[in-house]
Every structure is written in C-alpha cells, then in structure tokens.
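First comes the structure, then the notes that go with it.
The values are calculated or read from the model by the stated rules, or taken from the named source; none is laboratory data. None of the values given here were measured: they were computed from a predicted structure. Cβ sites come from the backbone with ideal geometry, for glycine too, and all protein chains shown count toward neighbours. Accessible surface areas use protein heavy atoms only, side chains included; no ligands, DNA or RNA. Shrake-Rupley method; radii C 1.70, N 1.55, O 1.52, S 1.80 Å.
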Amino acid sequence: MKILSIETSFDETAASVIEDGSKILSNKISSSQDIHTKTGGAIPESAAREQLKYIIQIIGQSLSHSGDPHTFLTDKIDSIAVTYGPGLIGSLLVGVETAKALSLLYKKPLIPVNHLLGHVYANWLNKEINNYPEFPLLALIISGGHTDLIYMKDHNSLERIGGTRDDAAGEAFDKTARIIGLPYPGGPSISKQANIYFDKNQKLDLFPRPMVNEKNFDWSFSGLKTSVYYYVKKNENLDVAFISAQVQEAIIDSLLIKSIRAIKKFQPKSFLLGGGVSSNTRLRNKFQDEIDSKSLRCRLHVPDPIFCTDNAAAIGACAYFQNKPKSYKDINANPDLEIGL
Ligand code: KG4
Ligand code: ZN
C-alpha cells in the first residue's frame, strides 16, 4: 500500500511517498528555518507564506520519483495522509486544504494524522518487520512544542501517562540558547557547544532537575531558563561550552530519570524516542547506557536523526499503521490537538 503524506505543521513543507508504512519511496522537504534563524524563532505568518509558495512543488517532486507525478498519483497511490494538528494554524491549513483538494480530485481516501504520533512512528521507518518496535511500548515525544510520555498496548490503544507542565524539552533548549547568545534552533547549537566542552572529570550538576522526586511522570522545564538567566547575569566571562554542557545534562537527566522509572513500572517491550530533541547524541547514548546498566528487558528504539525532526515520511508511517480514513468534511486543522485516538 502506497501513501502520499503531507506535513506542514510548523516551519517545514514536506511530502513523502511511503510503502507499507516503512519503505520510503521519496521524501522531500523545504524548510523556512533559515528565515527563522535570522529572527531568532519562527514567525507564524512568514512560515505559512513560505509553505504556500512551496507546497505544490514539494508534492510534485515527491510524486515524480518514477516519472509523471499525475500518472503516479492516479495509478499507484492508495491513500493521502496529512498532519491536521497540533501546530500553527496558518501552516496546518496549507497542508490540510491541499490534501483535501487532491483527495477529492483523485478520489483517494484521506487519513488525518496527529503530528505527535508522527514522531512516534518515525521508529518504523526504514525497518524490517522483525525490527519493528514491539507492543506494549512506551514512547517519549520530545520536540520543540511538546514533551509527552505515552503508553501503547497496540496501534490503536494509546494513553498519555505524563508530560511537561510548562515548557517542552526542545523549548528549554531554544530558550536557554537564546539567553547564552547561541542561534536558533537552540538544541543543535547547545549540543555542538557541549561537545566542545566535554570534560569527564567535571560534574554536570550546576542546574536543578525539577520534579524528579515526585511520583508522577511529569516534567517542568520553565525554571531552567530562569536559573540560566541568573547564572549568565552573575558571570561576566561566560564559558559558553561549559554552560551548554550543563544545560544539556540537566534536560537529559530530567527526561532519563522519569523514563527509567516508567519502564520499571509499565514493563514495556520497547521504549521509543521521537521528536527533534531525540536526535541529540548524548541523550540517545545515555538512554541506551542506562537501559543496559539496569538490565531492563526493554529495547530502545530511536529514529534515524533525519526522521527525528519534522518530516512527512513519519506521517505516512502513522497513517499506514493506524489506518483511519475520514471524510474530507470531517477533517479540520486543529492547532491544539492533543494526544488521543
Ligand atoms: O520535532 P521538531 O523538529 O519540531 C517540533 O515538532 O517542535 O523539534 C524541534 C526541536 C527544537 O526545539 C530544537 O531545538 C530541538 O528539537 N532539537 C534538538 C536537537 N536537534 C533539534 N535538541 C537537542 N539536541 C539536538 N541535537
Ligand atoms: Zn514535530
């Protein structure tokens, strides 16, 4: 089964053709991130304008991998999938309305996909069936706008068991990077600096790990930016690499401590990471080391780094495995969409 998938929830315009939920036949993406690096963050109006400019071109390119895009869509595509939330309303509308038009014109079923679940399903991409994540599973979605821990018994049974009470993990990277004077997006900037610092003998416990002693699976990251702000104010000769390593470690440790506790409680067969922050190498390594050292019978799955950040291939994977087409009349862009089925 071949799905054409479209993703425009934030500052990317992306389209992909996916076969049987895992095999990527094409994956095209255009990002307005360069514009947002200049302004220090995404401006919704300019993100949507860029997406309107590129959406048809990107879909066309993704359908052209084996010849004429019109013929391919007519003869080979079984369904169309589109992200309908959460995200920026203007950006979501570009993808959703384009997908509706194509679905009507080409008479293809339309599958609405929750962007957050796309981050989970990135773990099925480019995998052989015997390497698929196994259920029951826990998935930690760590992106620029969200931090959610979810428990899945199977593809169609899902429960949110925790998440952030304020800033998302990626937001914590982005906001602290700004305070330190590093460019947007903050995650890659901070992790690059942290790699320069690397000093095994130095303790990386300058900043607090809030809520780790509470018996829930929630996080709070908003205090971190305040701590960093006062540290920067007090210290004139700032060692950017040192502070980056400290910020990165505080975020990773907070996520790790509660995730390990959740693994012990829920005993999942697989633990999945997804979202932009999960491309962080130190985070991936620390999760693997901790699971190994505690001999937890749970396999860690991390997407290929290029599928951690927003992309359309993961939206196609989610559409395939959950396979819930709807009438175009019932599909509306929803910027505040939450986790649920
Ligand atoms: O999933 P994503 O591409 O977009 C959203 O759905 O939000 O995630 C973007 C977030 C940004 O906050 C960015 O700073 C963070 O992911 N990020 C990273 C890394 N690469 C991207 N955070 C930490 N380390 C990284 N290497
Ligand atoms: Zn995302």
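Does anyone have the angle between helix 44-63 and the longest principal axis of the chain? Alpha-carbon axes, 0 to 90°, nearest 10?
Long axis of 44-63 versus the principal axis of the chain: about 50 degrees.
Need one number: the % of Cα-Cα pairs in segment 176-291 sitting beyond the 19 Å mark.
48
Given a 1.4 angstrom probe, what's the average accessible area per residue across the chain, in square angstrom?
On a per-residue basis, the chain sits at 45 Å².
Which number do you get for Rg(Cα) / (2.2 N^0.38 Å) in segment 1-114?
1.04
Using Cα-Cα distances under 8 Å and only pairs 6 or more residues apart, what relative contact order does the chain have, in percent?
The normalised contact order for the chain reaches 25 percent.
With loop defined by DSSP as not H, G, I, E or B, and exposure as at most 13 other Cβ atoms within 10 Å, which is the longest segment of the chain clear of exposed GluC sites (Glu not before Pro)?
Here the longest segment lacking exposed loop sites spans 1-127.
Angle between the Cα long axis of helix 89-106 and the longest principal axis of the chain, 0 to 90 degrees, nearest 10?
The angle comes out near 30 degrees.
Whenever you get a sec, compute what percent of the accessible area on the chain sits on carbon and sulfur atoms (1.4 Å probe).
50
Using the Kirkwood formula on the Cα atoms of segment 126-249, what hydrodynamic radius do you get, in angstrom to one decimal?
16.2
Over the chain, with a single point scatterer placed on each C-alpha, what log10 of the ratio I(q)/I(0) does the Debye formula yield at q = 0.07, 0.09, 0.10 1/Å?
One equal scatterer on each Cα of the chain leads to -0.29, -0.48, -0.59.
Using only the Cα atoms of segment 208-254, what are the Rg and Dmax in Å?
Rg and Dmax of segment 208-254, Cα atoms, are 12.1, 39 Å.
Given 37 °C and 0.692 mPa s, how large is the Stokes-Einstein diffusion coefficient of segment 220-341 in µm²/s, with Rh as the Kirkwood radius over Cα pairs?
186
Pick from Ile111, Ile142, Ile252 the residue whose mean-square fluctuation is largest in a GNM of the chain, springs joining Cα atoms under 10 Å.
Ile252
What does the extension gain come out to for Asp292 and Lys324, with contour length at 0.36 nm per residue minus their alpha carbon separation?
Extra length from Asp292 to Lys324 when fully extended: 7.9 nm.
From the square roots a ≥ b ≥ c of the eigenvalues of the alpha-carbon gyration tensor of segment 84-129, which class results: rounded (a/c under 1.5), prolate (a/b over b/c), or oblate?
Cα axes put segment 84-129 in the oblate bin.
If you plug each phi of segment 124-132 into the Karplus form 6.51 cos²θ - 1.76 cosθ + 1.60 with θ = phi - 60°, what whole-Hz ³J(HN,Hα) values come out, in order, with x for Gly and Pro?
My calculation for segment 124-132 gives 9, 5, 6, 10, 7, 4, 6, 10, 5 Hz in order.
Based on the alpha carbons, how large is the Rg to Rh ratio for segment 74-162 when Rh follows Kirkwood?
When Rh is taken as the Kirkwood radius, the ratio is 1.02.
For segment 150-221, state which trypsin sites (Lys or Arg not before Pro) are in a DSSP loop and have at most 13 other beta carbons lying within 10 Å of their beta carbon.
Counting only loop positions with at most 13 other Cβ atoms within 10 Å, the trypsin sites (Lys or Arg not before Pro) in segment 150-221 are Lys200, Lys203, Lys215.
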